[in-house]
Amino acid sequence: MDSSVGFRHFFLSYVLINGFLRTLEAKEEVLLDMRAAGRELGWLTWSPSEGDSSQRDRTGWEVHQRTLNGSQFYTYYVCNVDEREQDNWLRTTFIQRHASASRVFVELQFIVRDCNSFDGASLTCKETFNLFVLEADADVGTTFHKGQFKKVATIAPDEITKKNEMHINKETKVVENLSRKGFYLAFQDIGACVAIVMVRVYYKTCPATVKSLAVFPETVAGRENQALKEVSGKCVENAESQKIPQIYCTLHGEWVVPVGQCRCKPGFEEVQDSCQECQPGFFKAEMSSSNKCEPCPANTQGLTQGALFCPCVNGFYRAPKDPVTGPCSGLPSAPQDLVATPSLLSTGKLLLSWKSPEDTGGRNDITYSVVCQRCEGFGCQPCGEKIRFDPASTGLTDTKVSVSELDAHFNYTFTVETLSGVSVFGSSQAAPRAARLPSSTTLTTSLHYTEPPKITSMRLVERDSTSLSISWDVSPQPRVLARPVRYELAYRKKDNKHDVTTYVVLKLEKNSVQINDLAPDTAYLVKVQAFSSDGRSGVPSGEEQFETSPEGQLNKTAVILAASVGGAIVLILVIVILFMRRRNGNSHIRQGPEDTYFSSSEQLKPLKTYVDPHTYEDPNIAVLKFATEIHPSHITKQKVIGAGEFGEVYRGILKASGKKELAVAIKTLKPGYTEKQRQDFLSEASIMGQFCHQNIIRLEGVVTKFIHAMIVTEYMENGALDRYLRDHDGEFLSFQLVGMLHGIAAGMKYLSEMSYVHRDLAARNILVNTTLECKVSDFGLSRVLEDEPEGTYTTSGGKIPIRWTAPEAIAYRKFTSASDVWSFGIVMWEVMAFGERPYWDMSNHEVMKAINEAFRLPAPMDCPSAVYQLMLQCWLQDRSKRPRFGDIVSLLDKLLRSPDSLKTIADFDPRVSIRLPSTSGSDGSPFRSVSEWLESIKMSQYSENFTRAGICTMDQVLQMKSEDIKNIGVRLPGHLKRIAYSILGLKDQTSTLSVFAV
Ligand code: AMP
């Protein structure tokens, strides 16, 4: 593509994207009008015969007067067809040129007689005449030297006038590059029969206009060979613009490509090319693109004109985080139907539940908080920290909470309060409390539950040689619920020789028993378990030992003493065990793996600034410092997945000892490398090893101590982002694409905070994993100079990927995080356009020229307006005005949190943005086949669908509607649109061509 076509195309892109092509008809400023003069103009005639007495009867141009419909018409006429070597001149009067009009139009109406209509004159007769021009700084009067005139054009009729008929020809010629104060035009007749009926001389201007709220002055079109004249304008009153609004005036006197829109200031809206104050009841908070005041939102009032926002009406509030442009809300009412249900499954636990408040105040950030008070006698006091709330006592979004660790038989008062974003704010308002809705509900309940009975002590009451009388105590049971408790007592001989322990079980109704028929002088182990009346079992007591007395003896005191000593020993044992456990526990914490983990992650904390490995005298030391050495035996290469600058890139497995297998990418250094190449290769690892961020490709380690040096990084299953998006064209929602951009921006934010300038941020250098997480990669130091496939040599010798690089970095190698932001804007465009090549097939030169002339890439198809606006911000010429990566991350984060913000789509023109050769094939001829067309719009995969549906000619394609495209099996929305838009473009052939001709 030659450069002028490229420029035209790009220029057109911009024109269309701005939805604006020909705003106003060009204005014509007339310098001379033969007809309007209505009189003889006194033009000079000259013929060689003048002054030659032998030729007195021969005349040159003559003036003829005619009257038509009462008006006088003058025509100049010459008709010396039967004489040779005619040279008759007709010169206009001096035409003053407007100071800046260097290009004038000469509109002619004339009649030429058919030479054949003159008998015998056809040999000498001519059917054309010539137009000449002579520039001068002053009127030279009747002085005439034909040699001073410069030929402009030969004027030939489209239709000659035959006998009995008359054809008036119209022709407009352009006289360019005029520079002196005025000029003469002259018509030279060389033997034709001509009548000049009308001559009109004018120049064109782009008329004064207001466009996008900017006023542009009337401007003369076309000067000094300028096809486009850049004109600066001024915002109308009460409008502002970030940069001076500009527009171009074409040679044809048409305004095109307004740049830098003016917007009405806050409080003003656009009304017929002016900014007027918002009416009462309306507001405008910012210089928004809509330029319209919006009605005051719910529960606000707009009493004044020109409001920036509408204040809340009494009793309504905005939460601190509510946008000032949003509605105000009231306080929520109290929760309804608060009930407490004791838990059946465990004791001391209540389930509080309630219904949502009747009035949420119009908000959806309702939460509840529960306050517990315990009431005894006359007073209540906070329940204290012992009480547990599950999930919590505040910030509840569910209408229930479980309360546990409650004591039985107390009165508890639970107050559940409804809160919303405006609650705190609302409470501090001066509005009278009584006027507000009560926001809490209180419930008093007492918890009556039966704790499963527990055996608290067991004692020997009486014994003899064959019986033991034992009694025990149970945990106190509520009097109110003093329901019967049952017991099971089990006993066995202590020295039971059998493997199987057999108990004798007694079911009892009271807390004492006499066990008879025992063996004398024998130790028995006894345990008791209590059961509550509702069948719940308590914890069995421990086994206690009681001995029958030898035959005929009963020594109660001894038994009690023995029991006490035994108890004391058990107690000491328990204390010792607990102490030991605790010690072990502590030492575990001090030496356990968690501890090691924390200390190593401490080391991984990002360094403050990135250290250029070249600052190390020996780059090998930098590698050792920043990267872990891996033994090659731990690496298994599986498959080549790409080609890096220094050698192949493999997918493989890393199995370090004691660690799990890990899928990795392995970059290799091809054999025969020089030491310098090896160091350059490893420098990427030295850089990568300094980074630790979710969105930066992670370095696993390096192999440097063996011949085959390798760099091992985490494996990104979906490879490079540009290719991945191209392979999945149209398959993702804007939301997903913006999610990817958010990741890339987060990675870049991290890099910029480390003061690392990437210099080659492009979708091809972003890697994608299976969860669509995007990570920045490619940190080679040499790449900017050598490896970049997109690199173009600059005059200073470096290689720069022009279409991704900020102008200042191209112009004087000013690479900064701000230039990375520019590249990020291009990556945004690549992502939103599913991997489309930025600036399509324009040459690097064309791209630079267009950028310097303030053109920017148009919005990709379906690109949310907010995202496109951000791109444009990244491409601000003044790098200090570009957003920082921190701002970009926050903005993308905001967009992702309110997906509605992605619904407004930026203006898009299919013929431009997807760069469809919509009118013809690449060579300019119409598409010869459906498959050629599909290929040109990168939709060849549907060739078969078209054939199967019997659509074999382009004529048939032109008849297709969206429905038909769907029906033949094109389902993906992106593809559907692409095909439909292309058909639209094909149909719109004529208008597209005229647009290209601008
Ligand atoms: P590079 O030399 O970093 O540009 O890598 C060349 C190609 O290898 C890339 O375009 C990717 O297709 C592939 N590649 C590099 N690193 C990885 C990785 N970590 N995971 C998956 N593919 C990778």
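The values are calculated or read from the model by the stated rules, or taken from the named source; none is laboratory data. Quick caveat: nothing in here was measured; it's all calculated off a predicted structure. Positions of Cβ are generated from backbone atoms using ideal geometry, with glycine treated the same way; all protein chains shown enter the neighbour counts.
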May I ask you to list the residues in the stretch 324-345 that are within 30 Å of CYS264 (Cβ to Cβ) and not in a loop (DSSP other than H, G, I, E, B)? SER329
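Here is a yes/no grid of residues against (1) within 29 Å of SER752 (Cα to Cα); (2) without any contact (Cβ under 8 Å) to a residue 24 or more places away in the chain; (3) more than 15 Å from the ligand (Cβ to nearest atom); (4) among the hydrophobic types (A, V, I, L, M, F, W, C):
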residue	(1), (2), (3), (4)
LYS625	yes, no, yes, no
GLU629	yes, no, yes, no
LYS655	no, yes, yes, no
ALA663	yes, no, no, yes
LYS670	no, no, no, no
LYS676	yes, yes, yes, no
Single condition GLY730 does not satisfy, out of (1) modelled with pLDDT of 95 or more; (2) more than 12 Å from the ligand (Cβ to nearest atom): (1)
Among the residues listed as GLU127, GLU176, GLU159, the single one being of a type in the set (Asp, Glu) and more than 20 Å from CYS79 (Cβ to Cβ): GLU176
Residue check: is ILE621 at pLDDT 50 or above, within 25 Å of CYS692 (Cα to Cα) and either surrounded by fewer than 15 Cβ atoms within 10 Å (Cβ to Cβ) or polar (S, T, N, Q) (or both)? yes
Among the residues of the stretch 300-323, the number that are touching a strand residue (DSSP E or B) at 6+ places or on another chain (Cβ under 7 Å) and either in a loop (DSSP other than H, G, I, E, B) or surrounded by fewer than 19 Cβ atoms within 10 Å (Cβ to Cβ) (or both) is 10
Flagged in the stretch 932-960 as more than 17 Å from ARG971 (Cα to Cα) and of a type in the set (Ser, Thr, Tyr), in numbering order, are SER936, THR953
Restricting attention to the stretch 642-653, and to residues there that are assigned to a strand (DSSP E or B) and buried (at least 17 other Cβ atoms within 10 Å of the Cβ), which single residue is nearest to the ligand (Cβ to nearest atom)? VAL649
Please determine, by comparing only the residues of the stretch 16-72 that are modelled with pLDDT of 90 or more and touching a helix residue (DSSP H, G or I) at 6+ places or on another chain (Cβ under 8 Å), which one is farthest from ILE190 (Cα to Cα). VAL30
Assess whether TYR750 counts as being more than 14 Å from the ligand (Cβ to nearest atom), surrounded by 19 or more Cβ atoms within 10 Å (Cβ to Cβ) and not in a helix (DSSP H, G or I). no
One residue is enough: does the stretch 73-92 have a residue meeting the conditions over 29 Å from VAL174 (Cβ atoms), more than 60 Å from the chain's Cα centre (by Cα), surrounded by fewer than 17 Cβ atoms within 10 Å (Cβ to Cβ) and of a type in the set (Val, Ile, Thr)? no
Determine which single condition LEU725 fails, assuming it passes every other condition in (1) among the aliphatic types (A, V, I, L, M); (2) under 27 Å from ASP893 (Cβ atoms); (3) near the ligand (Cβ under 10 Å from one of its atoms). (3)
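Answer yes or no as to whether PHE268 is among the aromatic types (Phe, Trp, Tyr), surrounded by 18 or more Cβ atoms within 10 Å (Cβ to Cβ) and closer than 30 Å to THR325 by Cβ.
Working: among the aromatic types (Phe, Trp, Tyr): yes; surrounded by 18 or more Cβ atoms within 10 Å (Cβ to Cβ): yes; closer than 30 Å to THR325 by Cβ: yes.
Spelling it out, PHE268 is indeed among the aromatic types (Phe, Trp, Tyr), surrounded by 18 or more Cβ atoms within 10 Å (Cβ to Cβ) and closer than 30 Å to THR325 by Cβ.
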Inspect the stretch 111-132 for any residue being over 30 Å from THR205 (Cβ atoms), outside any strand (DSSP E or B) and basic (Lys, Arg) and give the result as yes or no. no
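Residue under question is ASP778, and the condition is that it be within 14 Å of the ligand (Cβ to nearest atom), touching a helix residue (DSSP H, G or I) at 6+ places or on another chain (Cβ under 8 Å) and assigned to a helix (DSSP H, G or I); does it hold?
Working: within 14 Å of the ligand (Cβ to nearest atom): yes; touching a helix residue (DSSP H, G or I) at 6+ places or on another chain (Cβ under 8 Å): yes; assigned to a helix (DSSP H, G or I): no.
Judged against the criteria, ASP778 is not a match.
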If we keep only residues of the stretch 285-295 that are surrounded by 15 or more Cβ atoms within 10 Å (Cβ to Cβ) and in contact with an Asp or Glu (Cβ under 6 Å, 6 or more places away or on another chain), then the residue modelled with the highest pLDDT is CYS293
Out of the residues in the stretch 689-718 that are among the acidic types (Asp, Glu) and part of a strand (DSSP E or B), state the one that is farthest from the ligand (Cβ to nearest atom). GLU700
Of the residues in the stretch 870-907, those that are assigned to a helix (DSSP H, G or I) and either more than 17 Å from ILE744 (Cβ to Cβ) or touching a strand residue (DSSP E or B) at 6+ places or on another chain (Cβ under 6 Å) (or both) come to LEU872, ARG879, SER880, LYS881, ARG897, PRO899, ASP900, SER901, LEU902
Residues located in the stretch 59-86, provided they are closer than 21 Å to LYS151 by Cβ, touching a strand residue (DSSP E or B) at 6+ places or on another chain (Cβ under 7 Å) and not polar (S, T, N, Q): GLY60, TRP61, TYR76, VAL78
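More than 14 Å from the ligand (Cβ to nearest atom), buried (at least 22 other Cβ atoms within 10 Å of the Cβ) and either within 19 Å of the chain's Cα centre (by Cα) or among the aliphatic types (A, V, I, L, M) (or both), is that true of MET740?
The answer is yes for MET740.
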Criterion first (part of a strand (DSSP E or B), acidic (Asp, Glu), out of contact with any His (no Cβ under 6 Å at 6 or more places or on another chain) and within 12 Å of the ligand (Cβ to nearest atom)) does GLU684 satisfy it? no
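Every residue, every condition in (1) closer than 30 Å to PRO295 by Cα; (2) assigned to a strand (DSSP E or B); (3) touching a Phe, Trp or Tyr at 6+ places or on another chain (Cβ under 8 Å), yes or no:
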{"residue": "PRO157", "(1), (2), (3)": "no, no, yes"}
{"residue": "VAL174", "(1), (2), (3)": "no, yes, yes"}
{"residue": "TYR184", "(1), (2), (3)": "no, yes, yes"}
{"residue": "PHE187", "(1), (2), (3)": "no, yes, yes"}
{"residue": "TYR203", "(1), (2), (3)": "no, yes, yes"}
{"residue": "VAL215", "(1), (2), (3)": "yes, yes, no"}
{"residue": "GLU230", "(1), (2), (3)": "no, yes, yes"}
Residues of the stretch 182-197 being small (Gly, Ala, Ser) and over 14 Å from PHE110 (Cβ atoms), which ones? GLY182, ALA186, GLY191
Restricting attention to the stretch 817-846, which residues are in a loop (DSSP other than H, G, I, E, B), of a type in the set (Gly, Ala, Ser) and surrounded by fewer than 24 Cβ atoms within 10 Å (Cβ to Cβ)? GLY835, SER843
